[in-house]
Amino acid sequence: MPAIELLRELNNELWRPFRAAYRARDAAAFLALHAPDAIRASGTNGTVHGLSDYAAQVEPWFAGLAARNDAADIAFRFTERVAAADLASERGVYRIVIEPVGADRLVFHGRFHTFARKVDGRWRIAVDYDTTDGGAVTAATFEAAAALEDVERFAG
């Protein structure tokens with residue numbers, strides 16, 4: 001399959017469902033996008049976890065957002081996208097927006113690097129690393145990276 005089609009497949013099977021699960025604060029759908037043996041690392045916090053420890057963080061966080069009716073969104077832009085038949089490496093910038101009920105909107109930016117692989121014929125995150133780079137990532141950094149739909153930039 002040509003690289004451009006693999007990137008579109010990644011968008012449809014991984015990145016769009018990731019954002020939808022995040023917006024819905026649906027921990028089960030969010031965690032299902034990860035391989036069973038996924039590794040999650042945070043350069044900001046200096047931590048690394050397997051999927052069960054990551055779930056123990058994600059589930060109460062999403063539940064708290066939902067209980068308070070706080071809105072949450074995440075968006076991704078890319079600086080590198082490399083895909084082969086069943087493996088992918090993608091780097092870029094994310095933006096998280098939290099809109100707490102009765103409080104000011106919060107916006108966070110950071111960098112990510114994921115490795116994905118096909119598990120039972122579907123793309124799943126195998127390794128997920130992110131960092132806020134000590135606040136060095138800004139809205140301008142985010143906007144300078146390629147949009148999700150801009151797969152042609154990485155086609156070869």
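The values are calculated or read from the model by the stated rules, or taken from the named source; none is laboratory data. Computed from a predicted structure; not experimentally measured. Cβ: placed from backbone, ideal geometry, glycine included. Neighbour counts: every protein chain shown.
For the stretch 4-25, name all the residues that are small (Gly, Ala, Ser) and either buried (at least 17 other Cβ atoms within 10 Å of the Cβ) or within 10 Å of the chain's Cα centre (by Cα) (or both).
The answer is 21, and nothing else.
Under 7 Å between Cβ atoms, which residue pairs at least 6 apart in sequence (or on different chains) link something in the stretch 87-102 that is free of Cβ contacts under 8 Å to residues at least 24 places away in the same chain and part of a strand (DSSP E or B) with a partner that is of a type outside the set (A, V, I, L, M) and surrounded by fewer than 15 Cβ atoms within 10 Å (Cβ to Cβ)?
From the stretch 87-102, the pairs are 91/80.
Filter the stretch 73-96 down to residues that are of a type in the set (A, V, I, L, M, F, W, C) and under 13 Å from the mean Cα position of the chain (by Cα) and give me whichever is nearest to residue 25 (Cα to Cα).
For the stretch 73-96, the residue satisfying everything is 74.
Out of all the residues in the stretch 46-64, which are surrounded by 12 or more Cβ atoms within 10 Å (Cβ to Cβ), without any contact (Cβ under 8 Å) to a residue 12 or more places away in the chain and among the aliphatic types (A, V, I, L, M)?
Of everything in the stretch 46-64, just one residue is surrounded by 12 or more Cβ atoms within 10 Å (Cβ to Cβ), without any contact (Cβ under 8 Å) to a residue 12 or more places away in the chain and among the aliphatic types (A, V, I, L, M), namely 48.
Of the conditions (1) at pLDDT 95 or above; (2) surrounded by 16 or more Cβ atoms within 10 Å (Cβ to Cβ); (3) farther than 25 Å from residue 62 by Cα, residue 149 fails just one. Which one is it?
(2)
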